[in-house]
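Since the structure comes first, as structure tokens, the remarks are kept for the end.
Read the figures in this text as sums done on the coordinates, not as results from a lab. Bear in mind that the values here come from a model prediction, so they are computed numbers and not experimental data. Here Cβ is always computed from backbone atoms with ideal geometry, including for glycine, and neighbour counts include all displayed protein chains.
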Amino acid sequence: MSVFFGHRGHLVRMAALFGVGVTGFFVLQALFVPKDFGVYGHYRAGALDDNRARPAAFAGRAACVECHSDVPDAAKGGRHETIRCEACHGPLAGHAADPTEKKAVRPDPRVLCARCHAANVARPARFPQVDIAEHAGQEACTACHTAHNPLVPPAAGQPGPAPGGTVPPAETPKGETK
Amino acid sequence: MNEDRRDFLARSGRLLFLTGAAQLAFDAVLRGEPEAAPNYRTTDHWWGMIIDVEKCIGCGNCVRACKEENDVPREPFCFRTWVERYHVDAEDMERPEVDSPNGGYDGFPERYRTGDGSKNFFVPKLCNQCAHSPCVQVCPVGATFESPDGVVLVDKTYCLGCRYCVQACPYGCRFIDPRTETVDKCSLCYHRITKGLTTACCEACPTDARVLADLKNPKDPVHEFLRTHKVQVLKPQMATGSKTYYNGLDGSVR
């Protein structure tokens, strides 16, 4: 017992050191942890705004049809009616913001059409697909098909359109999101 | 002077009778510009996605759109979303043959033939936006989190690049950005969906094989879809609370 009390100094010094440590911890925490950390959970609330800050590259169809109102009319009732403009034309938010400075580039139909319509075993069987070389040779797809309303009406006395073309369009139970 | 007083009265009147957000919107309307979604409230939304495997044609539009929209490195191991091609023997779904050349960025060159007793299909993959994310649970610094509106996001300024979350994700949806050595993943285009747009991948999908869903919005057609279709999430046994629902998913898909 006497040994314990005789060394009271040690305890006091240890307690003081501990106190300094704890105080230091809280001071450093106040200095370095952002004020908004932990508002919603174990993360920085400002990170939500950081994630929102990125500019959009795709403008969305609503922005496109503000000027190009003729295209939805042309596509009406066609197989490509529900496809958003930028699915084929690429991201064009820059063009939507400044149509004179940033011009949209017309896609090459031989490349673009093949992306979806080149025959592939893994594609759903009901999706219209063709062997491009056999179907079109060296011809551009747009020589016969209109891009925005692609179904070619069968000529008199001819059988229906190309393979796959006779299949009804894929159902769209979900429709549009916007 | 008179003008100033009128302005002051109009402003204080709006402040009195409208909430702050409504006043912001009202001011934007007065100025004649579209407001940057001042009324977006995280508590009003719960984001997820519906993927209809039967509609995916493997065109790779989503992969290209995502890389463009989110400035994802073009390296073939950096993908926020990618498309897999499955080649499954009809009687042996334990061992599917899966390939994803450059994530489907350049499309899928034909590899298989019809009539060999197999089935072939595409499966788009992305972050499943889990409600109980393993990746969030392992992050030692709070650099990745589930946002109040149900999107798993990354705080790039906080990420140490320790790669714990890359290993924890059961779906392989995370990668290290070689430019910053921090983790990156699908943010469900958080910068778009909070402004009333859909994600870049959904915008670019020509067949509506992927559709953004707001599970808290009673008017969202997602509810009707989930009622009328038999859907599945990936690896349900992991209990991750995935909010990416797959329709027409084959049992061979991992």
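When the chain is fully extended, how far beyond the present Cα-Cα distance does residue A:8 get from residue A:132, taking 0.36 nm per residue of separation?
35.4 nm
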key: Taking the C-alpha atoms of segment A:56-105, convex hull volume expressed per residue in Å³   = 76 Å³
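Can you compute the FRET efficiency between residue A:79 and residue B:5 using 1/(1 + (r/R0)^6), with r the Cβ-Cβ distance and R0 = 45 Å? Round to the nearest 0.05.
The value I calculate is 0.15.
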message = For segment A:1-71, compute Rg over Rh where Rg is the Cα radius of gyration and Rh is the Kirkwood radius from the inverse mean 1/r over Cα pairs.
response = 1.60
task = Using a 10 Å cut-off on Cβ atoms, rank the peptides B:66-73, A:17-24 from the highest mean neighbour count down.
result = B:66-73, A:17-24
remark   = Shape descriptors of the protein assembly as shown over alpha-carbon atoms, Rg and Dmax in angstrom, are 27.2, 118
request  = Using R₀ = 41 Å, calculate the FRET efficiency as 1/(1 + (r/R₀)^6) where r is the Cβ-Cβ separation of residue B:219 and residue A:20; round to 0.05.
outcome  = 0.10
ask   = Considering the dipole of the protein assembly as shown built from charges on the beta carbon (Lys and Arg +1, Asp and Glu -1) around the Cα centre, which of B:136, B:123, B:170 is farthest to its positive end?
value = B:136
message = Using Cα-Cα distances under 8 Å and only pairs 6 or more residues apart, what relative contact order does chain B have, in percent?
response = 26 percent
query = List the lysines whose alpha-carbon lies under 18 Å from that of residue B:216, not counting same-chain residues fewer than 8 positions away?
reply = A:174, A:178, B:195, B:243
query = If each residue's Cβ is checked for other Cβ atoms within 10 Å, how do B:100, B:133 rank with the fewest at the top?
reply = B:100, B:133
task = Please get the size of the charge dipole for segment A:56-105, origin at its Cα centre, with Cβ charges of +1 on Lys and Arg and -1 on Asp and Glu, quoted in debye to the nearest 20.
result = 180 debye
task = Mind giving me the FRET efficiency for residue B:90 and residue B:156? R0 is 35 Å, r the Cβ-Cβ distance, nearest 0.05 is fine.
result = 0.20
task = Would you mind computing the Rg to Rh ratio of chain B from its alpha-carbon coordinates, Kirkwood style for Rh?
result = 1.07
query = Counting each DSSP H run of 4 or more residues in the protein assembly as shown as -39500 (n - 2.57), what helix-only mean residue ellipticity at 222 nm follows after dividing by all residues, to the nearest 500 deg cm²/dmol?
reply = -8500 deg cm²/dmol
message = Over 25 Å between Cα atoms: which of B:185/B:235; B:67/B:230; B:55/B:230 fall into that group?
response = B:67/B:230
query = How do A:11, A:112, B:212 line up, fewest other C-beta atoms within 10 Å first?
reply = A:11, A:112, B:212
query = Looking at segment A:26-66, which trypsin sites (Lys or Arg not before Pro) are in a loop (DSSP not H, G, I, E or B) and have at most 15 other Cβ atoms within 10 Å?
reply = A:35
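Exactly which trypsin sites (Lys or Arg not before Pro) in segment B:170-230 are in a DSSP loop and have at most 16 other Cβ atoms within 10 Å?
Those satisfying the criteria are B:179, B:195, B:216, B:219, B:230.
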note = With +1 on the Cβ of every Lys and Arg and -1 on the Cβ of every Asp and Glu, the dipole magnitude of chain B about its Cα centre, in debye rounded to the nearest 20, is 460 debye
query = What is the dipole size for segment B:117-254, taken about its Cα centre, with +1 at each Lys and Arg Cβ and -1 at each Asp and Glu Cβ, in debye to the nearest 20?
reply = 260 debye
inquiry  = For segment A:106-150, what does the relative contact order come out to in percent, with C-alpha contacts under 8 Å and a separation of six or more?
reply    = 40 percent
request  = For residue B:102 and residue B:40, calculate 0.36 nm times their separation in residues minus their Cα-Cα distance, and state this gained length in nm to one decimal.
outcome  = 18.7 nm
query = What distance in nm separates the simple spin-label points at residue B:179 and residue A:31, each placed 7 Å from Cα in the Cβ direction?
reply = 3.3 nm
note = Out of B:225, B:145, B:108, a Gaussian network model of chain B with alpha-carbon springs under 10 Å gives the largest mean-square fluctuation to B:225
message = What does the structure give for B:195-204 when I average, per residue, the other chain Cβ atoms found within 10 Å of the residue Cβ?
response = 6
ask   = How crowded by other chains is B:212-218, given as the mean number of beta carbons from other chains within 10 Å of each beta carbon?
value = 1
note = Per the C-alpha gyration tensor (a ≥ b ≥ c, the square roots of its eigenvalues), segment B:42-107 is rounded if a/c is under 1.5, else prolate if a/b beats b/c, else oblate; here it's oblate
